[in-house]
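For reference, the structure discussed in these notes is given below.
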Amino acid sequence: MNILIAPDSFKGSLSAEAVGKAAAVGVKKVMDSAEVVIVPMADGGEGSIDALRPFLQKEVAVGVEGPSGSPVETSYGVIEFEGRYTALVECARSTGLTLVDDEERHPYQLTSYGLGEQIKDAVERGYRDIIVSLGGSATTDGGTGMLRALGYTFIDFDGKPIRQGENPLGNIRSIDDSGRLSDLDDCRITIASDVTNPFFGIDGAAHVYGPQKGATPEHVMELDEGLKDLAAIVEAKYGVDLQEIPGAGAAGGLGGALAGVLGAQMKPGFDIIAELTGLEGKIKDADVVLTGEGSLDAQSAHGKVPVSVGVMAKRFDKPVIAMAGKVDPTDFRPAIDAVYSIQRCPVSLEEAVDGEAASTNITFTVENIMRTIILSPL
């Protein structure tokens, strides 16, 4: 029997690769002769580089300015794709919420400058194909920090450049791109994202994601107005309506800055990772597909890994079984045939996300899934 294990990470607990390895142990406990293939997956957010680690040519170390201005030592990946070396830049590694302590989460003091530094480093090293995975950002700056690092200057209402190190939303009168990194003209930038939020408005970057990044209700309203003003400035200068770009609100508006100002192409993150890993071909060869993520809930149907894996697998009539640390009573069919929580008894969140415990629970759950399959062959 051929078993494909294609999970997302269990956020805050285990990487996708670690989830896959724990699940493989469960398979082998029951069916040692099974052919097990592990394909760590991601949806374009945090963990994308880790998911693609088996396919990376190398990682490039780079020091950047973190969201709060503190130095961050990070890296981006390099992968061979369509015959070209492509830089894979992960927003969360330079601009991620996990890089900011709770007491530092003030929306006007956090910027996406570090992401721009990652992109700049890749461009200056000669990479002309760049994939930017969005997700897990700490910022709601409309991508202004990233653009600054690439040579853009934002001018305030007194005609002066707005200083680096602060979120300028609400204080921008115009954009000066005379210092823009010229090599960007030769670059093909692709955005890997799993959200479709607009740039501003009730479903936009500030309203939906601002509060988790430290924004008060008052901040949310101010930031939303700032994003609306920035969109008007971008449209006047570049002729691009950011509000018409699905996913422009991703990562605090980084999607809009990348697509609307830098001309990046927006693609579902899962689709990009699936293409890079050759997931479809591996599904064709499988008898059973196992997948999962930390929480299977209503959001899982919107581009998240388990349902996306299930949709792809059902094109080839493959049975799909998912597991998660938490499972909401949501109907995931027809993409997923069965879902299982890995929890064996009531536990605290701290206990649930403990890596060692989660690994043990995944192995136990998959072992029992396999025993059920043997008793009732699919």
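Points worth noting:
- Subset of the range 316-326 (residues that are touching a residue at least 12 places away in the same chain (Cβ under 8 Å) and not in a strand (DSSP E or B)): PHE316, LYS318, PRO319
- Residue list for the range 330-378, filter: of a type in the set (Lys, Arg) and out of contact with any helix residue (DSSP H, G or I) (no Cβ under 8 Å at 6 or more places or on another chain): ARG333
- Within the range 70-97, the residues that satisfy the criterion of being of a type outside the set (D, E, K, R), within 15 Å of SER133 (Cβ to Cβ) and free of Cβ contacts under 8 Å to residues at least 60 places away in the same chain are THR74, SER75, TYR76, GLY77, VAL78, THR86, ALA87, LEU88, VAL89, ALA92, SER94, GLY96.
- Residue that is touching a helix residue (DSSP H, G or I) at 6+ places or on another chain (Cβ under 6 Å) and either modelled with pLDDT of 95 or more or not aromatic (Phe, Trp, Tyr) (or both), where the choices are ALA259, ALA232, ALA205: ALA205
- Here the range 327-353 is the region considered, the condition is being among the β-branched types (Val, Ile, Thr) and in a strand (DSSP E or B), and the residue that is surrounded by the fewest Cβ atoms within 10 Å (Cβ to Cβ) is VAL327.
- Extreme residue, nearest to the chain's Cα centre (by Cα), among residues of the range 28-44 that are surrounded by fewer than 22 Cβ atoms within 10 Å (Cβ to Cβ) and part of a loop (DSSP other than H, G, I, E, B): ALA34
- Where a residue in the range 145-169 is within 18 Å of LEU110 (Cα to Cα) and in the same structural domain as LEU110 (by TED's automatic domain parsing) and its partner, wherever it lies, is surrounded by fewer than 23 Cβ atoms within 10 Å (Cβ to Cβ) and of a type in the set (Lys, Arg), with Cβ under 7 Å and at least six apart: ALA149/LYS120; LEU150/LYS120; LEU150/ARG180; TYR152/ARG180
- For the range 159-205, the set of residues classified as farther than 19 Å from THR144 by Cβ, of a type in the set (Ser, Thr, Tyr) and within 19 Å of the chain's Cα centre (by Cα) consists of THR190, THR196, listed by residue number.
- From the options THR98, THR111, THR74, residue that is touching a helix residue (DSSP H, G or I) at 6+ places or on another chain (Cβ under 9 Å), in a loop (DSSP other than H, G, I, E, B) and among the polar types (S, T, N, Q): THR111
- Taking every residue in the range 339-355 that is more than 14 Å from ALA23 (Cα to Cα) and pairing it with any residue that is assigned to a helix (DSSP H, G or I) and modelled with pLDDT under 90, at least 6 positions away or on another chain, the pairs with Cβ-Cβ distances below 7 Å are GLN343/ALA352.
- Filter result for GLY69 (in a loop (DSSP other than H, G, I, E, B) and surrounded by fewer than 17 Cβ atoms within 10 Å (Cβ to Cβ)): yes
- Residue, nearest to the chain's Cα centre (by Cα), within the range 331-378, restricted to residues that are of a type in the set (Ser, Thr, Tyr) and farther than 23 Å from SER300 by Cα: THR360
- Subset of the range 45-57 [among the charged types (D, E, K, R) and either in a helix (DSSP H, G or I) or modelled with pLDDT of 95 or more (or both)]: ASP50, ARG53
- In summary, SER33 fulfils each of the numbered conditions (1) in contact with a strand residue (DSSP E or B) (Cβ under 8 Å, 6 or more places away or on another chain); (2) of a type in the set (Ser, Thr, Tyr); (3) not assigned by TED's automatic domain parsing to the domain that holds LEU181 with the single exception of condition (1).
- Residue check, VAL240 more than 22 Å from LEU110 (Cα to Cα), out of contact with any strand residue (DSSP E or B) (no Cβ under 9 Å at 6 or more places or on another chain), part of a loop (DSSP other than H, G, I, E, B) and touching a residue at least 12 places away in the same chain (Cβ under 8 Å): yes
- Residue in the range 123-135 that is more than 24 Å from GLU222 (Cβ to Cβ), modelled with pLDDT of 95 or more and in a helix (DSSP H, G or I) present: yes
- Residue list for the range 248-296, restricted to those being outside any helix (DSSP H, G or I), surrounded by fewer than 24 Cβ atoms within 10 Å (Cβ to Cβ) and β-branched (Val, Ile, Thr): VAL288
- Contact annotation: no residue pair with Cβ atoms under 7 Å, 6 or more positions apart or on different chains, pairs a residue in the range 243-254 that is closer than 17 Å to ALA92 by Cα and without any contact (Cβ under 8 Å) to a residue 40 or more places away in the chain with a partner that is crowded, with 24+ Cβ neighbours inside 10 Å and of a type in the set (A, V, I, L, M).
- When the range 161-205 is limited to residues that are assigned to a loop (DSSP other than H, G, I, E, B) and of a type in the set (S, T, N, Q), the one that is farthest from ILE273 (Cα to Cα) turns out to be ASN171.
- Criterion (buried (at least 17 other Cβ atoms within 10 Å of the Cβ) and over 20 Å from ALA286 (Cα atoms)) met by exactly one of GLY47, GLY20: GLY47
The values are calculated or read from the model by the stated rules, or taken from the named source; none is laboratory data. All figures in this text were calculated on a predicted structure; none of them were measured in a lab. A quick note on method: Cβ atoms are made from the backbone with ideal geometry, for glycine too, and the neighbour counts reach across all protein chains shown.
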